[in-house]
Amino acid sequence: MFDIDDMKDEEEVVTDINLEPEDTELEDEESLAKDKLKSLRDKLKHSEEERKKCQDDLQRTRADFLNSRKRLDEQLARDKERATDKLIMELLTLADSFDMAMLDRELWEKMDARLKTGIEAIQAKLSSILASNNITTISPEGAIFDPNEHEAVSNSPVTDDSDVDKIVAVLQRGYKRNNDIIRPARVVVGTK
């Protein structure tokens, strides 16, 4: 059986055990855990800084890409506009040729009717193409000379004072595109 005195001896034995080595081990483990936690926090901080830098770089790159795309779209629009303008200028010389061909009314009336009909159909198609590109003519005979829309090629003396600075003849029609002058009308201006 158990003897109470034996129990007391066992308690003393338990109290006599030195707990210091375990405390040291716990302190070492706690110190290692703190060091590891500090190291992980440093890595996390570094990773956050790296992530922020990468995110900033990505946003900058995205903005550069969008700006480049916008510049390219604008350049393509300008190139298309220039190509259209070049084609229109070439078509205007064709329109001038039709005007010159029909200028002599007496000769025009003597032409074969089928030939006149064909020429008029081609001229109508050309006019339709110009109109579809928002091209309008400037034919200012009798209007006051405006240097923004007209190019004075010569002067012609007039007897009536009301005809001074008015256009007395149009040598070549001018053209506008969307209210922008693409070619001024070449005119003769009345002078005293």
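Bear in mind these aren't lab numbers, they're just calculated from the coordinates by the rules spelled out. Every value quoted in this text rests on a predicted model; they were computed, and no experiment measured them. For neighbour counting, all protein chains shown are included, and Cβ atoms are generated from backbone atoms with ideal geometry for every residue, glycine included.
What ranking of Arg71, Arg177 emerges when the number of other C-beta atoms within 10 Å of each C-beta is taken as an exposure proxy, fewest first?
Details: Arg71 10, Arg177 17.
By the 10 Å Cβ count, ascending: Arg71, Arg177.
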Review point. Distance from the Cα centre of region 29-84 to that of region 119-192, in angstrom?
Key: 58
Exercise for review: Would you please give the residues with an amide H less than 5 Å from that of Ile138, counting only those at least 5 places away or on a separate chain, with H modeled from the backbone geometry?
Suggested key: Gly174, Tyr175, Lys176
Practice item. Would you mind calculating the relative contact order of the chain from Cα pairs under 8 angstrom and at least 6 residues apart, reporting the percent as a whole number? Key: 14
Exercise for review: Quick one: angle between helix 113-132 and the longest Cα principal axis of the chain, in degrees between 0 and 90, rounded to 10, please.
Suggested key: 30
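Any of Lys116/Lys166; Lys86/Lys116; Lys86/Lys176; Lys110/Lys166; Lys70/Lys125 with alpha carbons more than 25 Å apart? Name them for me. If you can, show how the numbers build up before the last one.
Details: Lys116/Lys166 33 Å; Lys86/Lys116 29 Å; Lys86/Lys176 14 Å; Lys110/Lys166 33 Å; Lys70/Lys125 36 Å.
Too far apart for the 25 Å limit: Lys116/Lys166; Lys86/Lys116; Lys110/Lys166; Lys70/Lys125.
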Review point. Each residue of region 156-165 in turn: what ³J(HN,Hα) in whole Hz from Karplus with 6.51, -1.76, 1.60 and θ = phi - 60°, glycine and Pro shown as x?
Key: 9, x, 10, 8, 8, 5, 6, 8, 5, 6
Review point. To the nearest 10 degrees, how steep is helix 4-16 against the longest Cα principal axis of the chain, on a 0 to 90 scale?
Key: 50
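Rounded, prolate or oblate: which fits region 93-142 when a ≥ b ≥ c are the square roots of the eigenvalues of the alpha-carbon gyration tensor, with rounded for a/c under 1.5 and prolate only if a/b beats b/c? Present the calculation step by step, with values, prior to reporting the outcome.
Values: a/c = 2.83, a/b = 1.42, b/c = 2.00.
Verdict is oblate for region 93-142.
Would you kindly give the portion of the calculated P(r) for the chain that falls above 21 Å, as a percent of all Cα pairs?
On the way: 13865 of 18336 pairs.
Tail fraction, whole percent: 76.
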Revision key, fill the gap. Measuring from the longest principal axis of the C-alpha atoms of the chain, the long axis of helix 20-101 (C-alpha) lies at a number of degrees, nearest 10, equal to 10
Review point. Fewest to most neighbouring Cβ within 10 Å: what's the order for Thr159, Thr136?
Key: Thr159, Thr136
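At 1.567 mPa s and 4 °C, plugging the Kirkwood radius over alpha-carbon pairs of region 54-133 into Stokes-Einstein gives what diffusion coefficient in µm²/s? Intermediate results must be reported in sequence, preceding the final value.
Numbers: Rh = 16.6 Å.
Rounded, D is 78 µm²/s.
Exposure proxy check: Phe145, Phe65 ranked by fewest other beta carbons within 10 Å?
On the way: Phe145 19, Phe65 10.
Ordered from fewest to most neighbouring Cβ atoms within 10 Å, Phe145, Phe65 come out as Phe65, Phe145.
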Revision key, fill the gap. The set of residues whose placed amide H lies less than 5 Å from the amide H of Glu151, leaving out same-chain residues fewer than 5 positions away, is Ala185, Arg186, Val187
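Taking the Cα centre as origin and putting +1 on Lys and Arg beta-carbons and -1 on Asp and Glu beta-carbons, what dipole magnitude results for region 34-143, to the nearest 20 debye?
With only Lys, Arg, Asp and Glu charged at Cβ, the dipole is about 1560 debye.
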